[in-house]
1. May I ask you to list the residues in the range 294-324 that are over 21 Å from the mean Cα position of the chain (by Cα) and among the charged types (D, E, K, R)?
2. Could you check, for the range 6-22, whether at least one of its residues is modelled with pLDDT of 90 or more and either outside any loop (DSSP other than H, G, I, E, B) or under 30 Å from E250 (Cβ atoms) (or both)?
3. Of these, V83, V127, which one is of a type in the set (V, I, T), surrounded by fewer than 19 Cβ atoms within 10 Å (Cβ to Cβ) and closer than 28 Å to L168 by Cβ?
4. Any idea which of R343, R347, R339, R279 is surrounded by fewer than 18 Cβ atoms within 10 Å (Cβ to Cβ), over 30 Å from L79 (Cβ atoms), assigned by TED's automatic domain parsing to the domain that holds R235 and modelled with pLDDT of 90 or more?
5. For the range 201-222, enumerate the residues that are crowded, with 18+ Cβ neighbours inside 10 Å and of a type in the set (K, R).
6. Can you go through A191, A198 and tell me which one is in contact with a Ser or Thr (Cβ under 8 Å, 6 or more places away or on another chain), part of a loop (DSSP other than H, G, I, E, B) and buried (at least 21 other Cβ atoms within 10 Å of the Cβ)?
7. Condition first: at pLDDT 90 or above, of a type outside the set (F, W, Y), in a strand (DSSP E or B) and touching a Leu at 6+ places or on another chain (Cβ under 8 Å). Can you find one or more residues in the range 249-259 that meet it?
8. Among (1) within 24 Å of the chain's Cα centre (by Cα); (2) under 30 Å from A422 (Cβ atoms), where does L549 come up short?
Amino acid sequence: MTTKGDPATRSGAPAVAARTGSPGAAQDGSDTAGDALPAALAELRAAIGAARFPLALPSTEPARRTATALADQIDDYLLPRLVRLDAPLLVVVGGSTGAGKSTLVNSLVKARVSAAGVLRPTTRSPVLVCNPADSSWFRQGQLLPGLTRTNEPSEDPGTLQLVNAPALPPGLAFLDAPDIDSVVDANRALAGQLLAAADLWLFVTTAARYADAVPWELLRSARSRGAAIALVLDRVPPEAIDEVTAHLSEMLAAQQLDTAPLFVLPETWVDGQGLLPERVTAPLGDWFAGLAADAEARAAVVRQTLDGALASLHPTVEALAEAADEQTAAADALDERVRAAYRAAERTVEAGLKDGRLLRGEVLARWQEFVGTGEFFRTVEARISRLRDRLVAAVTGRPATPATELRDAIESQLVTLLRAVAAEAAESAYTSWKAHPAGAALLAPELAHPSPDLPERAERLVRDWQRGVLELVRTEGSDKRFVARTAAYAVNATGLAVMIAVFASTAFIPTGLEVATGAGTTVAAQGVLQAIFGDQAVRTLANKARADLLDRVRTLLDDEATRYLARTEQARPGADTGAELRRAADRVEAARHDSGLGDGEPTALPVRDRR
């Protein structure tokens, strides 16, 4: 076996800051990081747990994975380790399928404690091996609390098998993790979770697999968070040791990992227990024995990894906060698309009350029938006082049928318009959401059409508005002699005239379009109402009736838009999620600096001579 670099400088763990006797040391002698940092970390954990990423965006799945990974790391490693900095050093052994991790662990502890074989995956649930003196720490469940402790082999990835190995010195424990590139999704996820709980990452690869992408991705992740790393290059043909070691060293240097100790194990046989020859594993075993015997060296590794993990939280949480901001921005954008569609529908209705379209067809015919086309218009051209007298006589003696037909025609025309604009708005909102990844995921087919009961609600809206117009006429005309003279039928007739007048854009000053479209209808309405109320009262009545109708239409369309808005409201994350994540991360970073975990001069860990 060979190692990379000068044994005196390259065979130790990465340079770290050793710090002992910290102000946070507990009175019972157990080293802690004080109260501020664990408290800040707990707040960050709560903020991460509360963060939601429900909308389907490109950043959603990465954010969910990041949030899960952060929560696991805080629960599994950071909080337990901060409580007990003097706990045994945990070495997580990870690597690719078939790299020989279990065989290596068995050989280092001189016992078959982890299953090894040719079937893949071999390690389905993690196996933690420690000296009997350290077993209570790992059995208590503070570290990796989500895994159920067991003394028996298991294939359940949710269990952690604890094995005592007297040959392993106190202060050091090995955790044999599932393959990082396992074909089983749960195994890969568990491997990543366990590696994030390591004080020291021991990566095992082979001469045939050392250039694979997956291990390098994890190694870069380890480097980015300042973790202590050691590597084992296993099963190297003796004739290729120099060449393969040189190439791997170049790759490590290119990834700024050249300070990580590298142990090279030649291809060899295993004995009847499946253990490697001691002469092959002795240098690595001696290195770990030296680490276990040096409390200051172990503390240095723990503090380096812990400080690196804490330092990496801030940029990682910032990315999470940005994803939360994107969720809020996406929800706002979806809401605005819906509101824009229904605002356009409101504008269409408003335009319909101005451009004369509602005066066409059935409404025009029924109005002309109601007032009496020939004689009525000739009267309009005569004196206003005579018109009022004739109107009163006509409306009190005319059958109710023409008024009813006119009212029904107005209702039908308005309902038709409302159904059309509601259908157009629903289709527009549906199309705009379909073009947005988050919107498309929230859509349901029925949203492309108005609510099933829209026709009934539109009819009710128009009838309520018509009753409101009559009440308006009655109220506005309460001091007019004509109300007393003509009683309820006059109010009804005048109300119908107001409804017709509402469809004119210029408050009864006829334009060429209105005259052409309505054949003098607005002129007639103007004359009738002015004869009864006067010019200003006419304008006031029309404006109030129009505003009332538009208010009712707005309420109807807002209710339709709610079908969409309710979906974004249900999916919308908390508005202050991003800000809360940032505040919590800032508090952790400030507490980390105050704790002094990274203070002091770098200290290289001693190691026994491996030659």
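The values are calculated or read from the model by the stated rules, or taken from the named source; none is laboratory data. Note that this is a predicted model, so its numbers are computed, not measured. Cβ atoms come from the backbone with ideal geometry, glycine included; neighbour counts cover every protein chain shown.
1. D294, E296, R298, R303, D307, listed by residue number.
2. no
3. Only one candidate passes the filter, namely V83.
4. R279
5. R209
6. A198
7. So far as the range 249-259 goes, no, none of its residues is at pLDDT 90 or above, of a type outside the set (F, W, Y), in a strand (DSSP E or B) and touching a Leu at 6+ places or on another chain (Cβ under 8 Å).
8. All conditions pass for L549, except number (1).
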